[in-house]
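Encoded as structure tokens, the structure appears first; notes follow it.
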Amino acid sequence: MGQTPSSVLDQRNRFDFLPPEILSGEIVEFSDDEVVRTRDYTSDLPDDCLAYVFQFLGSGDRARCSLVCKRWLCVDGVSRQRLSLNANSEILSSLPALFTRFEAVTKLALRCDRKSVSLSDDALVQISLHCQKLTRLKLRGCRDITDHGMVSFAQNCKTLKKLSCGSCMFGAKAINSVIVHCSLLEEISIKRLRGVHDGAELIGPGAAASSSLKSICLKELVYGQSFESLITGTKKLKTLKIIRCLGDWDKVLGIIGNEKNTTLIEIHLERLQVSDIGLTAISKCPNVENLHIVKAPECSNRGLARVAEKCSLLRKLHIDGWRSNRIGDEALIAVAKHCSNLQELVLIGVNATHLSLTAIASNCPNLERLALCGSGTIGDAEIACISSKCLALKKLCIKGCAISDIGIEALAWGCPNLVKIKVKKCRGVSSEVAGWLKGRRGSLIVNLDAGELDPLDASVVDGLMLPMIPGQVNALEAPPNGNGRLGFLRVKLGLFASRNLVPCPFRRWSNANGDNSNDDNL
């Protein structure tokens with residue numbers, strides 16, 4: 001996380017110190033006699049202008065600038081609103097001086113590695129007393145912070161708007177305290193919260209849930225059902241992300257659907273026990289625009305078609321069928337028929353054919369981003385169909401599909417707005433056609449990786465060869481007696497040991513353009 005301030009400065013008088021000839025746009029030249037090399041010309045800059053310059057520096061450059069002189073040190077301290085600290089217990093004695101210098105901090109991240117002792121409750125209470133205007137807090141690996149420390153923090157920092165915590169030891173009492181006391185809370189993200197266990201108190205809706213809470217993200221929770229009351233009781237919920245959490249989630253989605261939630265816009269379901277019953281409940285939320293269904297093998301054409309019929313405002317759809325063959329042409333044709341506003345479509349392990357792709361290309365004129373990954377039915381005919389009918393398409397990703405040079409050559413004559421194409425693990429595509437396509441369409445960015453997979457460094461998912469991610473443990477090969485309950489979970493579902501085998505291609509594109517889309521970033 002960067003350490004540049006995000007304060008809004010007074011823009012009206014920021015150029016009052018400049019001479020009139022510069023303000024008028026005249027070209028001013030200075031002779032060598034007029035330039036005094038020993039003079040500090042930055043002394044003419046007001047403090048707020050100097051702080052505005054610091055805003056564009058990286059954390060390292062800004063730290064070095066703060067050592068230039070006492071004035072720069074002071075300006076850096078009073079204008080820095082974002083701070084990231086290594087939350088080891090050794091910094092406890094330095095906290096008073098640290099937050100006396102950075103008195104304007106509103107966004108704080110505390111991270112501690114596994115081998116170190118983290119800050120304790122006393123340190124968190126000290127921080128809350130110095131930063132009572134804190135709006136965002138991120139905790140990572142702070143294992144010595146308990147419910148008591150979080151309760152005191154919530155009572156002192158009532159202006160908190162975003163809480164993100166991962167690999168911490170506190171539990172439901174701490175989360176409930178934040179929801180009750182921080183009435184301005186808008187986003188909450190929980191990952192691997194150790195203190196939430198079977199038999200613990202439920203996490204219910206508080207002041208924040210009824211007034212301001214808009215985003216809930218739950219990741220890798222063994223007892224994620226503890227958050228059921230919070231999810232169903234949040235009246236203004238816009239974003240719901242549930243990723244790798246155990247339990248039957250059809251019930252929770254059913255309650256949301258029965259209330260006919262009109263505020264919910266984004267839903268992300270990944271590696272969950274959810275079926276068509278849950279998707280039918282989602283269809284009762286008519287304003288859903290962004291839907292991710294990732295590795296949910298119980299979801300089928302019927303459930304997705306129901307969502308498409310009722311959620312006509314859908315703009316982004318990501319489907320990872322996990323090679324289950326339960327989602328295919330039938331659901332995609334329903335999407336094409338009812339979701340004419342679709343702008344982004346990602347299909348991973350979905351065996352779509354030219355029937356559904358033709359329907360989508362014909363009925364979704366605003367489709368700009370398309371990804372086809374790991375499908376055995378996507379061939380040259382399907383790519384030619386996309387080329388001829390997807391006139392608004394700007395970005396195309398093809399990975400692990402049975403296409404050849406003929407399909408790539410078809411893109412030279414269609415998709416007039418195409419700016420970037422990425423082709424990976426398509427063995428029938430040669431490097432020569434990539435060079436030819438670049439020459440044919442000079443402004444088009446072509447990324448080609450047609451190298452074959454090494455069978456000794458790959459994992460097989462229902463016959464599809466995919467590269468093995470470092471540190472990945474195949475669920476079928478995991479030791480059956482590994483680390484008690486979590487070891488059993490690794491064997492059964494592969495929740496904590498592995499990651500997505502086919503990562504979203506648009507995430508890397510957006511990162512390359514400088515977009516900051518990570519939910520956990522402050």
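Search the structure for amide H atoms under 5 Å from the amide H of Leu193, placed 1.01 Å from N in the peptide plane, and list their residues when 5 or more places away or on another chain.
Residues meeting the criterion, in which the H sits 1.01 Å from N, are Ser167.
How long are the three semi-axes of the equivalent ellipsoid for the range 82-288, computed from the Cα gyration tensor as the root of 5 times each eigenvalue, in whole Å, largest first?
Largest first, the range 82-288 gives 32, 18, 13 Å.
Would you grab the residues whose amide H sits under 5 Å from the one on Trp322? Only those 5+ places off in sequence or on another chain, please, with H modelled 1.01 Å from N.
Result for Trp322 returns Lys295.
Would you list Trp413, Trp72, Trp249 from the most to the least accessible area, probe 1.4 Å?
Putting Trp413, Trp72, Trp249 in descending order of accessible area: Trp413, Trp72, Trp249.
Carbon and sulfur: what percent of the range 244-341's accessible surface (1.4 Å probe)?
Carbon-and-sulfur percentage of accessible area, whole number: 47.
For the range 173-250, what does the convex hull of the Cα positions come to per residue, in cubic angstrom?
77 Å³
Report the net charge of residues surrounding Ser66, where surrounding means a beta-carbon distance below 11 angstrom and charges are Lys +1, Arg +1, Asp -1, Glu -1.
Neighbourhood net charge equals +4.
Considering only C-alpha atoms, what is the centroid distance from the range 134-164 to the range 180-207, in Å?
Centre-to-centre (Cα) distance: 11 Å.
What residues qualify as long-range amide H neighbours of Ile398, i.e. H under 5 Å apart, gap of 5 or more or another chain, H built at 1.01 Å from N?
Leu372, Lys422, Val423, Lys424
Quick one: Kirkwood hydrodynamic radius for the range 236-363, alpha-carbon pairs, angstrom, one decimal?
14.2 Å
Roughly how far apart, in whole Å, are the Cα centres of the range 231-300 and the range 38-71?
48 Å
Could you compute the net charge surrounding Ile360? Neighbours are other residues with a C-beta less than 14 Å from the C-beta of Ile360; K and R count +1, D and E count -1.
0
Considering only the other residues whose Cβ falls under 12 Å of the Cβ of Thr146, what net charge follows from Lys and Arg at +1 and Asp and Glu at -1?
Result for the neighbourhood of Thr146: -1.
Calculate the translational D of the range 393-450 in whole µm² s⁻¹ from Stokes-Einstein, where the hydrodynamic radius comes from the Kirkwood formula applied to all Cα pairs, the temperature is 37 °C and the viscosity 0.692 mPa s.
The estimated diffusion coefficient comes to 296 µm²/s.
Please turn the phi angles of the range 135-144 into ³J(HN,Hα) values with the Karplus equation 6.51 cos²θ - 1.76 cosθ + 1.60 (θ = phi - 60°), one per residue in order, whole Hz, x for glycine and proline.
Here the 3J(HN,Hα) series is 10, 9, 9, 10, 10, 10, x, 8, 7, 9 Hz.
What ³J(HN,Hα) values, in whole Hz, does the Karplus curve 6.51 cos²θ - 1.76 cosθ + 1.60 give for the range 107-119 when θ = phi - 60°, with x put for Gly and Pro?
10, 10, 10, 10, 10, 9, 7, 5, 8, 10, 8, 7, 4
With a 1.4 Å probe and all protein chains left in place, how much accessible area per residue does the range 82-288 have, in Å²?
38 Å²
Can you run phi through the Karplus equation (6.51, -1.76, 1.60; θ = phi - 60°) for the range 310-315 and list ³J(HN,Hα) in whole Hz, with x for Gly and Pro?
9, 9, 6, 8, 4, 10
The values are calculated or read from the model by the stated rules, or taken from the named source; none is laboratory data. All figures in this text were calculated on a predicted structure; none of them were measured in a lab. Please note: Cβ atoms are built from the backbone with ideal geometry, for glycine as well, and neighbour counts cover all protein chains shown. Heads up: the accessible areas ignore ligands, DNA and RNA and are worked out on the full protein's heavy atoms, side chains in. Shrake-Rupley method; radii C 1.70, N 1.55, O 1.52, S 1.80 Å.
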